[in-house]
Structure formats: structure tokens, C-alpha cells
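Data first, discussion second: the structure below is written as C-alpha cells.
The values are calculated or read from the model by the stated rules, or taken from the named source; none is laboratory data. Keep in mind the model is a prediction, meaning the values are calculated, not measured. Because the Cβ atoms are built from the backbone with ideal geometry, glycine has one as well, and the counts that use them run over all protein chains shown.
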Amino acid sequence: MDSSTPFGQPADQKDKPENQDTGSTEKIPPLTLITPCIFNPIDEDMVRRFSEDPPDRIERLGRILESIDYQQEGVRENLIYMFDREKQRLVLDAVDQESADPRNQGLGVEESEFDQVIQNMEAPPVPGKDYTVKPEDIPPHQLVPPHPAMSARERVAHELLAVVESGTAQLTGYRGHITGVKQKYLDFLEREQRTVEQF
């Protein structure tokens, strides 16, 4: 267990992109389910700790809260890993499409626009103008369905935005769910502590 992260993935492979620098030609399958993300390996320390009977209800509730924190972090890492894997799949597929047909590359910025882009980047700020963008001022992003005329790069950019939005929604939703579960046991613990203090 020493060579692994807390959630079972070898530390030397955790951040290594799949299908890159490995010589493997196996394609990454599309992400269709995130249900497996709720399952986390339990390390030896957790097994040892929870195999011992707690001396009282306060200790039992404390261990439950500890397990909730452990589960929350594990699910979060699993979700991030799966969405990052989907990102890699989309990019690799786009690379394959470009290699198969150069027309899929798209033109990007036209050469005639280079100077204008550079000038805009180098332009000094307008005196007195506040360039701060507040989060509440950013309108929700509306994904436009891809169309056949999109190049591979345009399509993958569109699909990556969808992955980011979906991943953010899933992470936010799970955080809200697990926060509610944790709060319930915190309330139980507080009630139990008050009961003990009365005696």
C-alpha cells in the first residue's frame, strides 16, 4: 500500500495520461457512467481503525464522520480522474481525425488577422476603466449543438466545454449531497455530547 495513493491508484501513474508515452494503441472508451466513482478502496489503516469496537457512541459517531470525509475525498478524486480521462479521449480522437484528413484541422486565425490580434493583446488599458469581471456578471454558457461543418478542433473544443460543465455539475451536486449527510451525523454527535455532559 505504500506505493499507492489513498484511493488505490499507484502514485507514479496517477497523473500519467492514458495512451500517451506507453506505446499502447488501445482506445479509451467513452465515458457513459460515473456510478463506479462512488466506490473507493479502503486502506489498511482504515480497516484496522474500524475493526476495533468504539468505546462509546461519541467515538462511533466520530469514526462515521471520519469515514464520510474519506469517502468524499475519494469520490471527488474519482470523478476528476474520470472526466480527465474523457478529456484525453476527446483530444486523442481529434488528433486521429486530423491525421486521417487534413481538412479536419480547420483554419483557426487567418494570417491577415495576426497583426490585429497582437495589437489587441499589446494595447494598454483604458485609464480609469475597471476590467474586473465578477462571477455574477458572467452569463451561463449556452452550448451550441455541433454541426457537420465544424472541424475536428472546433468539435473537440465544443465537446470539452460540455465535459467541463458536466463535471462541474456532478462535483457540485455530490458536494451538496455529502454535506447534508455529514451535517446529520454532526447533529447526532452534538446531541450525544450534550447528553453526556448532563451526567
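Got a number for residues in region 159-186 being free of Cβ contacts under 8 Å to residues at least 40 places away in the same chain and among the polar types (S, T, N, Q)?
Qualifying residue count, region 159-186: 4.
Could you say which residue among PRO30, PRO17 is outside any helix (DSSP H, G or I) and either surrounded by 15 or more Cβ atoms within 10 Å (Cβ to Cβ) or at pLDDT 85 or above (or both)?
Just one listed residue meets the conditions, PRO30.
Scan region 72-91 and report the pairs whose first residue is in contact (Cβ under 8 Å) with a residue 40 or more places away in the chain and within 11 Å of ILE38 (Cβ to Cβ) and whose second residue is buried (at least 17 other Cβ atoms within 10 Å of the Cβ) and of a type in the set (Lys, Arg), with Cβ atoms within less than 9 Å and a gap of 6+ or a chain change.
none
Somewhere in region 53-74, is a residue surrounded by 11 or more Cβ atoms within 10 Å (Cβ to Cβ), more than 23 Å from the chain's Cα centre (by Cα) and modelled with pLDDT under 90?
Yes: one or more hits.
Take the residues of region 115-152 that are modelled with pLDDT under 85 and in a helix (DSSP H, G or I): which is nearest to the chain's Cα centre (by Cα)?
PRO135
Answer with yes or no whether ARG85 is modelled with pLDDT of 90 or more and touching an Asp or Glu at 6+ places or on another chain (Cβ under 7 Å).
It is true that ARG85 is modelled with pLDDT of 90 or more and touching an Asp or Glu at 6+ places or on another chain (Cβ under 7 Å).
Given GLU86, GLU98, which one is buried (at least 16 other Cβ atoms within 10 Å of the Cβ), outside any loop (DSSP other than H, G, I, E, B) and in contact with a Lys or Arg (Cβ under 8 Å, 6 or more places away or on another chain)?
After ruling out the rest, the residue left standing is GLU98.
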